[in-house]
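Heads up: the structure comes next, in structure tokens.
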Amino acid sequence: MKQWFASLKVSQKLMLISIFFVMPDSLMLYFFITGINANIEFARLEKKGNEYQRPLEDLLEWIPQHSMLAQAPGAGDPSVREQVEKKQAQIDAAFNALEAVDARLSNDLQFTDEGLAKRHREHCRAHTVRREWEELKSGLRELQPAAIAAQHLHLLGDVRTMITHAGDQSNLILDPDLDSYYLMDVTLLGLPQTQDRLAAVLAFGSAVLHRQTTSNPERQQLAIHATLLKEADMNRIIGSLQTALNEDANFYGHSATLQGRVPSALKEYADATEQFISLTNHLVGMEKMDVTASDYEAAGDKARAASFKLWRIASEELDTLLQTRIEHYEHRRTSSLMVAALALVAAIGFVTFITRSISGPLRRQAEELQAANESLQIEIAGRKRTEKELRRSQAQLATAQIIARVGSWEWDIATGKAVWSDENYRIHGLEPGQVAVNQATILKFIHPEDRGMMTASMNRSLKDGQPFSFEHRIVLPDGSEKVIHKRGEVVMAEDGRGAARVFGTSQDITDRKLAEEELKNMHELLLDASRQAGMAEVATGVLHNVGNVLNSMNVSASQTQDILRQSKTSSLVRIAGLLGEHSADLAAFLTTHPQGRLVPPFIIKLAHLLDAENQKLLKESAALSRNVDHVKEIISMQQTYARVSGLVETVQINDLVEDALRMNTSALDRHGVETIREFAPMPPMPVEKHKVLQILVNLIRNAKYACDESGRTDKRMIMRSTNGDGRVRISIIDNGVGIPLENLTRIFGHGFTTRKDGHGFGLHSAANAAREMGGQLSVFSEGPGRGASFTLELPAALPS
């Protein structure tokens, strides 16, 4: 290669050098043009999304009108039926337009079975929504008004979902320019929202005016609707469009049509909506119905019509802005290519000129190069001394890492490659440089039970750029295990779009952990006491339930005493005495005497009162009887399970779960926790019943406390049993306060608790009991506020 290059003429060498210099510029030009093309395609996809919205917006306008006509009191009248049929024809035409645009743009906008299924929107295919409309239209005469309204609302919901999907998949929601972005906000979000709300308020207010009466809750609902129409809808639309008008000149020049058409349409919409809001507020405050339903409906229709007119104008102007942007980028692309071509011609001419003028000064340059070479040799010698010092510093660092058992590492996120220090290799049981390190290599060393925790910690740091520090286990190639403490920091990318690389240290803390384990063994006596205290959970649950039942019995007894004290039987005695006084002239007394004529109706009323008292007494008596039976059942169940530890019996595991639930029934009911059972068929299996019951009672009570402390109104606990792979699994899943990630690895540790009154050994003793039976107790939670799941896993047969 050198000989070939040396054989070239100076002009040829310069031309070759010029080609190498032009290559980076060519690559930059390529990427620049590629970026412009991407921007053009981005805007074209936005136009497709805007085009897809148009028939959907027509459906949003006409479906509510069809709903009101179909629910009108004179829906059977020929004139009204004719209006309904005309509106159906309009909606049919809108669906035809939708299917036509769907046929062209469905693949681009992900309106396919696969694209919709990824977002759980399978029901939003154009032909599916069309079929829903056809079914509604064909069965319209058999439907009641409420059903008509419900089916129209469901259809409108599907149309709104399609608008949302079109916005998501067409880049409209990601529009980069302020003028077109705020136009998009109005057409995609603001106006469809206000049109839905206008239709809802119009239907609600019209119904009130047709009844000519309004209740306080209805007035409050109308007031809320009026406030939302003004604050959440009208003000937002006015603000967005005003921003689009103000920012128009800052992007690709001034749009005359945008400035000319939008303000007048916006004013028309604002005036009509303001008038409708005023009528609604007047309807809220008036004592007498001085607004007619026809006036109110006309104002609402006017506001809706103005909103749809504004939508069409804004949609057309959005298309205009997008087309202007496309033309701007196309012009930039053409200009860039022309400038690049001119630059290339100029470069060729400049090289030619340099070639012809370089021969003379070339000798002087050779002498200057010789002098520069001597200076360079001196600089190289200095750099060699610097490199020697650097190698000595690196050796000292490696020695320090060996002494401290600390290895350093660095991970390049873009390439996935990692660099380890020699000590880091040795910590992992490898010779320095023995294997190429990447993310997959690192994960192989992580203990399987610690991978989830480590991945979650790393992902959190990569997301927020914060330093991290945690402990985890590694498995060496010879199968032995070590515990390491990993610290690190995240370096974010210069453009701020995520992490670029991570560097940190790994310290071998296995010896320290072994020392901690020895210290832990010194507390065996306390652990035995903890397990026995954990077994007391069963008796505690029974006492709680019996106490709750006794409270209910006390309430029933108090109710019975109150009924007897307030009984009307004394009135019956007084009536008997009065009738005895007039036994000689009883007929005349009952028919002519003023006091006697009151006796028969009084006796009838008294009979009803005594009958009602009797029913209350029977009800309270039945409640007392049920509660007594409940106490007997709880005590009997406690006696059944109060047996010697280690006794193995063959039981139905689902029945054992039901026993644990019954021991906590009153507590769960008192705290308002809903219990959901998901039991799989289970064969009889041998277990130590008292240990399983101890674990389940502990877990159920913990779930109850977690739900209660969450403050939720929908407190829920799922009891699930499954069977497979020779193992039986019982899961207690709650939607309570959840568990922080850092607590998942400590929650079964002795003395660990998060409750103020917790003793910290209930879960620890439960986990030990599970291991003693050849099983295990595990926990999962997505974090605070996300609930938790505890799973007791037992062998279906006794361990050999």
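The values are calculated or read from the model by the stated rules, or taken from the named source; none is laboratory data. Predicted model only: the values in this text are computed from it and were never measured. Virtual Cβ from ideal backbone geometry, glycine too; neighbours counted across all protein chains shown. All accessible areas refer to the heavy atoms of the entire protein, side chains included, with ligands and DNA or RNA removed. Shrake-Rupley method; radii C 1.70, N 1.55, O 1.52, S 1.80 Å.
If you check ASP290, ASP295 for being out of contact with any Asp or Glu (no Cβ under 6 Å at 6 or more places or on another chain), in a loop (DSSP other than H, G, I, E, B) and open to solvent by 80 Å² or more (accessible area, probe 1.4 Å), only one passes: ASP290. Just one of (1) farther than 17 Å from LEU59 by Cβ; (2) assigned to a helix (DSSP H, G or I) fails for HIS152. It is (1).
Restricting to the range 580-599, give me the number of residues that are open to solvent by 60 Å² or more (accessible area, probe 1.4 Å), of a type outside the set (Gly, Ala, Ser) and in a helix (DSSP H, G or I). If you could, list the steps in order and put the result at the bottom.
So in the range 580-599, the residues open to solvent by 60 Å² or more (accessible area, probe 1.4 Å) come out as 581, 583-587, 591-595, 597-598.
Within this subset, residues satisfying the condition of being of a type outside the set (Gly, Ala, Ser) are 581, 585-586, 591-595, 597-598.
Within this subset, residues satisfying the condition of being in a helix (DSSP H, G or I) are 581, 586, 591-592, 594-595, 597.
Number satisfying all stated conditions: 7.
Would you confirm, using the coordinates I've provided, whether LEU98 is open to solvent by less than 20 Å² (accessible area, probe 1.4 Å), part of a helix (DSSP H, G or I) and either in contact with a strand residue (DSSP E or B) (Cβ under 7 Å, 6 or more places away or on another chain) or closer than 30 Å to GLU46 by Cβ (or both)? Yes; evaluated as a whole, the condition is true for this residue. Please enumerate the residues belonging to the range 101-113 that are surrounded by 15 or more Cβ atoms within 10 Å (Cβ to Cβ) and farther than 14 Å from GLN169 by Cα. Matches in the range 101-113: VAL101 only. Listed conditions (1) aliphatic (A, V, I, L, M); (2) within 30 Å of ALA395 (Cα to Cα); (3) open to solvent by less than 40 Å² (accessible area, probe 1.4 Å) are all met by MET454, apart from (2).
Per this entry, ALA166 is not counted among residues that are modelled with pLDDT under 90, out of contact with any Gly (no Cβ under 6 Å at 6 or more places or on another chain) and part of a helix (DSSP H, G or I).
Criterion applied to THR227, THR187, THR194 was being open to solvent by 20 Å² or more (accessible area, probe 1.4 Å), among the β-branched types (Val, Ile, Thr), under 22 Å from GLY239 (Cα atoms) and out of contact with any strand residue (DSSP E or B) (no Cβ under 7 Å at 6 or more places or on another chain), and the one residue passing it is THR227.
Being touching a Pro at 6+ places or on another chain (Cβ under 9 Å), surrounded by 11 or more Cβ atoms within 10 Å (Cβ to Cβ) and at pLDDT below 80 is a property that holds for ALA75.
No other residue among ARG716, ARG720 is farther than 28 Å from ARG451 by Cβ, of a type outside the set (A, V, I, L, M, F, W, C) and in contact (Cβ under 8 Å) with a residue 12 or more places away in the chain apart from ARG716.
Here's the yes/no breakdown for (1) part of a helix (DSSP H, G or I); (2) surrounded by fewer than 17 Cβ atoms within 10 Å (Cβ to Cβ); (3) under 53 Å from the mean Cα position of the chain (by Cα):
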residue: MET15; (1), (2), (3): yes, yes, no
residue: ILE33; (1), (2), (3): yes, yes, yes
residue: GLU41; (1), (2), (3): yes, yes, yes
residue: ASN50; (1), (2), (3): yes, no, yes
residue: HIS66; (1), (2), (3): yes, no, yes
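Checking the range 114-125 against the condition returns no match, with no residue being touching a Lys or Arg at 6+ places or on another chain (Cβ under 7 Å) and either without any contact (Cβ under 8 Å) to a residue 40 or more places away in the chain or open to solvent by 40 Å² or more (accessible area, probe 1.4 Å) (or both). A residue that is free of Cβ contacts under 8 Å to residues at least 12 places away in the same chain, outside any strand (DSSP E or B), out of contact with any Phe, Trp or Tyr (no Cβ under 9 Å at 6 or more places or on another chain) and aliphatic (A, V, I, L, M) occurs somewhere in the range 442-460. Among the candidates THR324, THR352, THR386, the residue that is of a type outside the set (Gly, Ala, Ser), under 57 Å from the mean Cα position of the chain (by Cα) and open to solvent by less than 60 Å² (accessible area, probe 1.4 Å) is uniquely THR324.
A single entry from ARG487, ARG512, ARG574 fulfils the requirement of being in a strand (DSSP E or B), surrounded by fewer than 15 Cβ atoms within 10 Å (Cβ to Cβ) and at pLDDT 60 or above: ARG487. Residues that are in contact with a Pro (Cβ under 9 Å, 6 or more places away or on another chain) and either touching a residue at least 60 places away in the same chain (Cβ under 8 Å) or over 20 Å from VAL406 (Cα atoms) (or both) within the range 489-517 comprise just one, GLY504.
What do you reckon, is ALA414 at pLDDT below 80 and under 48 Å from the mean Cα position of the chain (by Cα)?
Details: at pLDDT below 80: yes; under 48 Å from the mean Cα position of the chain (by Cα): yes.
Yes.
Residues in the range 248-258 that are more than 14 Å from GLU316 (Cβ to Cβ), open to solvent by 50 Å² or more (accessible area, probe 1.4 Å) and either in a helix (DSSP H, G or I) or touching a residue at least 40 places away in the same chain (Cβ under 8 Å) (or both): ALA249, ASN250, TYR252. Within the range 127-143, being open to solvent by 40 Å² or more (accessible area, probe 1.4 Å) and polar (S, T, N, Q) holds for one residue alone: SER138.
Scanning the range 172-184 for residues that are surrounded by fewer than 22 Cβ atoms within 10 Å (Cβ to Cβ) and either assigned to a helix (DSSP H, G or I) or charged (D, E, K, R) (or both) turns up ILE173, LEU174, ASP177, LEU178, TYR181. Annotation note: Cβ proximity below 6 Å between a residue of the range 84-110 that is closer than 14 Å to GLU61 by Cβ and a residue that is small (Gly, Ala, Ser) (sequence gap 6+ or interchain) occurs for LEU98/ALA126. For the range 600-616, a tally of residues being within 19 Å of LEU579 (Cα to Cα) and open to solvent by less than 90 Å² (accessible area, probe 1.4 Å) returns 6. Go through (1) without any contact (Cβ under 8 Å) to a residue 24 or more places away in the chain; (2) farther than 30 Å from SER294 by Cα one by one and return the number of the condition LEU178 breaks. All conditions pass for LEU178, except number (1).
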